[in-house]
Each structure stands twice: as structure tokens, then as C-alpha cells.
Amino acid sequence: MIDAADLDHVAVAVERWDDAWPCLVGELGGRWVSGGESIGFAPGQIEFANGMRVEVLAPANVEQNDFLRRFLDTSGTGPHHLTFKVPDLTAALAEAEAAGFDPVGVDLRDPTWKEAFLHPRQARGVVVQLAEAEGGWQSPAPPGLPEPADPPSSLDHVAHAVADLDDGLDLFAGLLGGEERDRGEDEGARWVELSWPGPGRIRLVAPTTSSSPVATVLARRRGRVHSLAFTVPSLPAGPPRVVEPSEVLGVRLVLRPPSG
């Protein structure tokens, strides 16, 4: 197990930052934290009421690195990676390799930001970024950012569909140290919710029948990000509102009113 790993954010790839702001900021109340252009991509981080973050990735300087452009051309907009912060990346990589994983994109050159990745083929259908960071990063908000909804929503968990629940737990609990908080079964699927020291939560969801909606989402994959679940203070009591991937950001949103 990697020592003291913590789920920091989920990243979503879009064509333009402005495509994400009406939903994440204007409707859900995310607050701008930091962002800017890098080689191949422009990351912009939005934080929600409980401290969990979404990183919006848009292509930038693609002539120097076209990885995100290729991702969008192949997969379209949607979830791109999950980032786990670790206190010692070198030690984390040793643990990953001992567990049979083959980290890629290892970059230890910058003492303020060291990173490596687990490929989706091994990381249950999603890129997992491991990062050792020195301090935080804040920057001015971009022009045209809408006024955030008030009160802001909370990003309760990332639901990640897996073909086999034990297989998913082997990575997210076994290697990455997620602690089981709850489990259950509904709509033809079993699920286990995992937590880390910070606000980040992952709910692993596995189908129990071939006709399950989760099985449809997986489409015979080993794993795939299923949805982002938010608590939205402005929603009236009642069942959750589901926003399908085709409607916004390429990822399913499950919007729930406050409990009680």
C-alpha cells in the first residue's frame, strides 16, 4: 500500500474552459482556485463546498505536445484522470511496482511537482496520476468566469464502474489505501464507497446482471468513470436529478438535494 495517498481531484477534458464554467461554476457554485497554460494542456481547478476539486483540462500549445488533443479526438469530452497526492513519489512508485504496476510518464525533475501515471489498462479504465507537490498554487480567475452559485454544491464522490468489484478494490483500496466507508446494492449493481484523508471519495460500482445500467456504461471494459455525484443545496426534496454525458462535459452528473 502507498503510504498516505490522498485523492486530490478528478480531471475532465473539454475543448474550451468556457464550456465547463456555466455548469461547474454558474450552476454548482464551484470556486476558482488556480489555472494556466502548460505544454499541451491548460488546467483550471474549481473547488466545491466540501473542498473536493474538479480540474478542467483544455488543449493548449498542442504543437509541443498533442496528448490531450489526441484524447479529445479519440474519446471526446469527459473524465480524463484521477490525481492522488503522495508525500514521497519515489516510495509510492516502489510500492506500485511491487504490486505489479508499471508506472509511466515518471518525471522527478521539478522538486515542487513530481508526477507519474498508471495507465488505464492497469488502473481499471482511468488514468491515475500520482503526484508529490510542494505547497499549493493559486492564480487569478480567467476573464468571463461567471459568478458562482450560492450556496455552493459539494462533490460527494466520483462513481467509478468496474467489471469486478474485488478487482477495483485491489487498486483503490489495496494500493491507493482507500478506506471502506459504506457498501450496498441497488439497480442491478453492488457498490463500495472509499475515502481518503481529505474530502475525496470514490464509489466503486460493479454490475450484478448483464442488463444493469452499469454494465451498459462499461460496455465490456474493465472499468470506466460512471458519474460525479453532487449535493446541491438549491434542489428541492425529491429524487436525484441526472444530467447525461451528452448534455454537459461528457460525464454523467448526479445532482442530489440535501438529506434531511
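Considering only segment 216-260, how many residues are hydroxyl-bearing (Ser, Thr, Tyr), over 24 Å from ASP164 (Cα atoms) and buried (at least 18 other Cβ atoms within 10 Å of the Cβ)? The qualifying residues number 1. Among the residues of segment 193-244, which ones are of a type in the set (Gly, Ala, Ser) and assigned to a strand (DSSP E or B)? Once the filter is applied, which keeps residues that are of a type in the set (Gly, Ala, Ser) and assigned to a strand (DSSP E or B), segment 193-244 yields SER195, ALA206, GLY223, SER227, ALA229. Answer yes if at least one residue in segment 189-211 is surrounded by fewer than 18 Cβ atoms within 10 Å (Cβ to Cβ), among the basic types (Lys, Arg), over 26 Å from LEU24 (Cα atoms) and without any contact (Cβ under 8 Å) to a residue 12 or more places away in the chain, and no otherwise. No, because not a single residue in segment 189-211 is surrounded by fewer than 18 Cβ atoms within 10 Å (Cβ to Cβ), among the basic types (Lys, Arg), over 26 Å from LEU24 (Cα atoms) and without any contact (Cβ under 8 Å) to a residue 12 or more places away in the chain. Does at least one position in segment 177-189 carry a residue that is modelled with pLDDT of 95 or more, under 20 Å from the mean Cα position of the chain (by Cα) and within 18 Å of GLY51 (Cα to Cα)? There is at least one residue in segment 177-189 that is modelled with pLDDT of 95 or more, under 20 Å from the mean Cα position of the chain (by Cα) and within 18 Å of GLY51 (Cα to Cα). Those helices (runs of 4 or more DSSP H) of segment 1-116 in which 3 or more residues are surrounded by fewer than 22 Cβ atoms within 10 Å (Cβ to Cβ) and without any contact (Cβ under 8 Å) to a residue 40 or more places away in the chain occupy 67-75, 89-98. Summed over segment 1-34, residues that are within 17 Å of the chain's Cα centre (by Cα) and at positive phi total 0.
Of all the residues in segment 245-260, those that are among the β-branched types (Val, Ile, Thr) and either outside any strand (DSSP E or B) or farther than 24 Å from VAL14 by Cα (or both) number 2.
The values are calculated or read from the model by the stated rules, or taken from the named source; none is laboratory data. This structure is a prediction, so every number in the text was calculated from the model and none was measured. We place every Cβ from the backbone using ideal geometry, glycine too, and count neighbours over all the protein chains shown.
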